[in-house]
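First up is the structure itself, then whatever we jot down about it.
The values are calculated or read from the model by the stated rules, or taken from the named source; none is laboratory data. Not measured: the values here are computed from a predicted model. In this analysis, Cβ positions are derived from the backbone assuming ideal geometry, glycine residues included, and neighbour counts consider all displayed protein chains.
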Amino acid sequence: MSNSTHSFRQDERNADILININGELLHRDKAVVSVFDSGFILGDGIWEGLRVHGGRIPFLNRHLKRLWEGAMALDLDLVISQQDLTERLYGTLEANHMVEDVHIRLMVTRGLKATPYQDPAVTIGGPTIVIIPEYKTPDPEILTRGIRLYTVYVRRGYADVQDPRINSHSKLNCIFGCIQASKAGYDEALMLDPHGHVATCNSTHFFIVREGEVWTSSGDYCLDGITRRNVINLCRDAGIPVYEKNFSVSQAYGAEESFVTGTFAGLTPVIDIDGRRIGEGSLGPVTARLQSLYRDVIARECQSA
């Protein structure tokens, strides 16, 4: 997926980063977790992706709120406080002398197992908390060139099967979608809900623009992404009609513009869905305006953080 929203320029500084595992800083070559860890054995954990701008982590309070809600749903005792975890995050950045163009993967698993089995009762001790900071700059050309989406057979399911609102380590359905889209020659997967409505993408959130209105999914079958919510709020503040609603892939085909959102790259235009060119097949005026407004929001957030 060389053209995905997560494409980035290789940075040689990443060879010597320090990774934080349960408060201990380790060189990336020494940073390991046990084969008995719940995350490795079962995908039993939650995570957040964070960006760093000017030495600050924008919207960190929202990310941590979502992390704590996920932990509550999984009956996972994080042990640490939000304040202490915030200090650990910034301490990791300081140890790496990182202030800009950094992406952080914050991962929490239930911790070590006495034996490879799913029951939380066989967990030993507290959770495993890993902080991986890397120098990652989104490919700037993608922000104007755009990406191509492929509608995949894998659906986003009901909450009673696996709640898609939880940012869990168990991402197999998204991985299936990613693989199918890649095998078809596309950049990312467009995923539907159980009723055939557009839900989300395998790693980003999906928007379309029709007759001056911005549409995104109802949110019933996807994570309430931080950037997704910021864009919805931006539209409202800027007087752009925005709707969280059910709509079909065929309605997406007929959109004047389309874009996806994510913490890593912000807003990225979509130029093609299933071989159908979207609008002019390039960055559209509404998407360009929202990209600019989003950059302003990031700047304000970092100044006030």
Q) Across segment 231-257, what is the total count of residues that are in contact (Cβ under 8 Å) with a residue 40 or more places away in the chain and touching a Ser or Thr at 6+ places or on another chain (Cβ under 8 Å)? A) 6
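Being among the β-branched types (Val, Ile, Thr) and crowded, with 19+ Cβ neighbours inside 10 Å is the filter here, so list the residues in segment 136-147 that pass it. Before you say what the answer is, go through the steps one by one.
Initial filter on segment 136-147 (among the β-branched types (Val, Ile, Thr)): 137, 142, 144, 147.
The answer is ILE142, ILE147.
Within segment 202-222, track down each residue that is buried (at least 19 other Cβ atoms within 10 Å of the Cβ) and under 18 Å from the mean Cα position of the chain (by Cα). Before you say what the answer is, go through the steps one by one.
The first filter runs over segment 202-222 and keeps only residues buried (at least 19 other Cβ atoms within 10 Å of the Cβ), leaving 202-209, 214-217, 219, 221-222.
If the condition is that a residue be buried (at least 19 other Cβ atoms within 10 Å of the Cβ) and under 18 Å from the mean Cα position of the chain (by Cα), then ASN202, SER203, THR204, HIS205, PHE206, PHE207, THR216, SER217, GLY219, TYR221, CYS222 are the ones that fit.
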Q: Look through GLY55, GLY70 and report the one residue that is assigned by TED's automatic domain parsing to the domain that holds ILE17 and over 13 Å from VAL108 (Cα atoms).
A: GLY55
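Regarding GLY91, is this residue surrounded by 19 or more Cβ atoms within 10 Å (Cβ to Cβ), modelled with pLDDT of 95 or more and of a type in the set (Gly, Ala, Ser)?
Working: surrounded by 19 or more Cβ atoms within 10 Å (Cβ to Cβ): no; modelled with pLDDT of 95 or more: yes; of a type in the set (Gly, Ala, Ser): yes.
So GLY91 fails the test.
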Q) How many residues are part of a strand (DSSP E or B) and among the hydroxyl-bearing types (Ser, Thr, Tyr) when one looks only at segment 228-274? A) 4
Q. In segment 153-187, how many are farther than 25 Å from GLY39 by Cβ, among the aliphatic types (A, V, I, L, M) and more than 19 Å from the chain's Cα centre (by Cα)?
A. 1
Q) Quick one: how many residues across segment 162-215 are under 26 Å from ARG105 (Cα atoms), touching a strand residue (DSSP E or B) at 6+ places or on another chain (Cβ under 9 Å) and not in a helix (DSSP H, G or I)? A) 21
Q | Options SER182, SER168: the member that is closer than 21 Å to ARG62 by Cα, surrounded by fewer than 20 Cβ atoms within 10 Å (Cβ to Cβ) and of a type in the set (Ser, Thr, Tyr) | A | SER168
**Q.** Scan of segment 279-305 for residues that are farther than 25 Å from LEU223 by Cα and buried (at least 20 other Cβ atoms within 10 Å of the Cβ), ordered by number
**A.** GLY279, LEU283, GLY284
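Please pick out the residue among ILE80, ILE46, ILE19 that is under 21 Å from the mean Cα position of the chain (by Cα), more than 30 Å from ASP160 (Cβ to Cβ) and either of a type in the set (Val, Ile, Thr) or part of a helix (DSSP H, G or I) (or both).
The conditions single out ILE19.
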Q. If you scan segment 99-135, which residues turn out to be touching an Asp or Glu at 6+ places or on another chain (Cβ under 9 Å), surrounded by fewer than 20 Cβ atoms within 10 Å (Cβ to Cβ) and part of a loop (DSSP other than H, G, I, E, B)?
A. ASP101, GLN118, GLY126
Q. Among the numbered criteria (1) crowded, with 18+ Cβ neighbours inside 10 Å; (2) farther than 16 Å from SER258 by Cα, which single criterion is violated by TYR150?
A. (2)
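Go through ILE57, ILE46, ILE80 for me and flag whichever is touching a helix residue (DSSP H, G or I) at 6+ places or on another chain (Cβ under 8 Å) and without any contact (Cβ under 8 Å) to a residue 60 or more places away in the chain. Spell out how you get there, then give the answer.
On the way: ILE57 fails: without any contact (Cβ under 8 Å) to a residue 60 or more places away in the chain; ILE46 fails: without any contact (Cβ under 8 Å) to a residue 60 or more places away in the chain.
On inspection, the qualifying residue turns out to be ILE80.
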(Q) Can you tell me which condition GLN251 does not meet? The list is (1) of a type outside the set (Lys, Arg); (2) over 27 Å from LEU42 (Cβ atoms); (3) within 16 Å of the chain's Cα centre (by Cα); (4) at pLDDT 95 or above, and all the others hold. (A) (3)
